[in-house]
Amino acid sequence: MAEAKHDAASHAAAPLPWTEIFEWAQALLSGGLILTGAFFVIAGAIGILRMPDFYTRIHAAGMTDTMGAEFILLGLIIQSGFTQTSLKLLLIAFFLFITSPTATHAIAHAAHLSGLKPKLGPYQAPDLDDIGKGDGS
Amino acid sequence: MKYALILGVTLAAYWLTLSGYFHKPLILFFGVMSVLFTLGLSARMKILDKETVPYVYIPKTLSYFVWLFNEVVKANVAVAKAVLSPELKISPSMIKVPTHQDTDIGKTMFANSITLTPGTVSVDMEEDGVLVHALLAEMANPDDFTEMGERSGWAVGEAIDISEPKTNG
């Protein structure tokens with residue numbers, strides 16, 4: 001029993017490479033966040049291509065504005081640590097949080113005012129086999 | 001006077017964050033002058049009031065942003081799923097969401113929050129509500145916006161109690 005205690009104590013005394021562990025955690029966390037952001041940017045781009053009309057495309061673009069940009073910025077903040085750069089990035093993230101919906105609303109409102117009617121009701125992507133058969137759709 | 005002081009401190013902190021000059025007297029002097037110039041302009045425009053310097057709301061607004069970010073993430077996942085699914089099952093609709101906010105800034109906060117959440121975009125402001133274009137069928141229920149409406153009003157200092165848990169998700 002006493003020996004086991006002694007072993008545990010000597011084991012704990014061995015210095016762990018904390019700086020290295022911290023750097024790895026930082027790299028993994030920021031890399032994960034940036035990858036998540038990149039995924040949502042791509043999803044937004046695919047959405048813009050696939051959506052049927054103007055108003056629905058705005059929603060896809062909104063994904064790029066929020067999750068995409070914010071997560072990439074968060075990842076970069078973690079990447080740069082406690083520096084002036086990360087404070088600036090935090091400011092950018094904050095301003096983006098306020099300005100991007102305003103810009104989206106401006107576009108949607110302009111379309112609404114000029115009389116563009118949205119496609120309403122359930123919609124499903126056309127089947128690949130039906131495209132090019134010339135049935136008029 | 002109180003508002004001028006707080007705005008001055010905020011602007012100085014903002015200037016220091018962006019420039020990062022702490023030990024160049026000439027540049028610092030320029031910074032101080034530009035802060036004073038901005039303060040003078042704001043005083044001349046008579047906009048040194050609660051709305052320009054909303055320091056009272058800052059803790060509430062920040063905690064609201066944390067809640068909103070969580071909602072945004074959830075909505076993002078829903079929209080990304082819909083976009084990437086092969087069938088692309090969407091059901092666009094125009095709904096009218098009633099606004100209960102008393103102040104203009106409360107309404108702005110609410111409409112902006114709706115737009116920030118993917119899948120819903122506020123298209124038009126009317127007297128008694130916001131016209132919202134919703135992408136998915138599960139986002140098209142006006143009652144689901146009640147919590148966001150109350151929280152966004154609370155975030156800019158309206159007397160709304162948000163401690164009561166809401167029954168709907």
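Observations, loosely collected:
- Members of segment B:70-89 found to be farther than 15 Å from A:Gly47 by Cβ and either crowded, with 17+ Cβ neighbours inside 10 Å or outside the structural domain of B:Phe145 (by TED's automatic domain parsing) (or both), listed by number: B:Val72, B:Val73
- Sole exception among (1) within 12 Å of the chain's Cα centre (by Cα); (2) crowded, with 20+ Cβ neighbours inside 10 Å for A:His59, by number: (1)
- Segment A:40-57 residues that are farther than 15 Å from B:Ser91 by Cβ, paired with ones that are polar (S, T, N, Q) (beta carbon under 6 Å, 6 or more apart): A:Val41/A:Thr64; A:Gly44/A:Thr64
- Taking the conditions (1) under 30 Å from A:Ile48 (Cα atoms); (2) more than 14 Å from chain A (Cβ to nearest Cβ) in turn, B:Pro25 satisfies each one other than (1).
- Elements of type helices (runs of 4 or more DSSP H) contained in segment A:5-124, each with 3 or more residues being at the interface with another protein chain (Cβ under 8 Å from one of its Cβ atoms): A:18-50, A:54-63, A:84-113
- Residue match in segment A:97-120 (condition: without any contact (Cβ under 8 Å) to a residue 40 or more places away in the chain, touching a Gly at 6+ places or on another chain (Cβ under 7 Å) and more than 17 Å from B:Thr117 (Cα to Cα)): no
- In segment B:141-160, the residues that are assigned to a helix (DSSP H, G or I), charged (D, E, K, R) and under 16 Å from the mean Cα position of the chain (by Cα): B:Glu147, B:Glu150, B:Arg151
- Among (1) more than 18 Å from A:Ile58 (Cα to Cα); (2) in contact with a Phe, Trp or Tyr (Cβ under 8 Å, 6 or more places away or on another chain); (3) of a type in the set (A, V, I, L, M, F, W, C) - the single one B:Ala80 does not satisfy: (1)
- Residue among B:Leu11, B:Leu39 that is under 27 Å from B:Ala155 (Cα atoms) and touching a Ser or Thr at 6+ places or on another chain (Cβ under 7 Å): B:Leu11
- Some residue of segment B:8-19 being part of a loop (DSSP other than H, G, I, E, B) and either surrounded by 13 or more Cβ atoms within 10 Å (Cβ to Cβ) or not β-branched (Val, Ile, Thr) (or both): no
- Qualifying residue in segment B:90-107 (condition: surrounded by fewer than 21 Cβ atoms within 10 Å (Cβ to Cβ) and among the small types (Gly, Ala, Ser)): yes
- For beta carbons closer than 8 Å, sequence separation of 6+ or different chains, a first residue in segment A:63-91 that is more than 25 Å from A:Thr104 (Cα to Cα) and a second that is at pLDDT below 90 and outside any helix (DSSP H, G or I), the qualifying pairs are A:Gln84/B:Gly20.
The values are calculated or read from the model by the stated rules, or taken from the named source; none is laboratory data. The shown structure was predicted, so the numbers you read here are calculated from the model rather than taken from an experiment. As a convention, Cβ positions derive from the backbone with ideal geometry for all residues, glycine included, and neighbour counts pool all protein chains shown.
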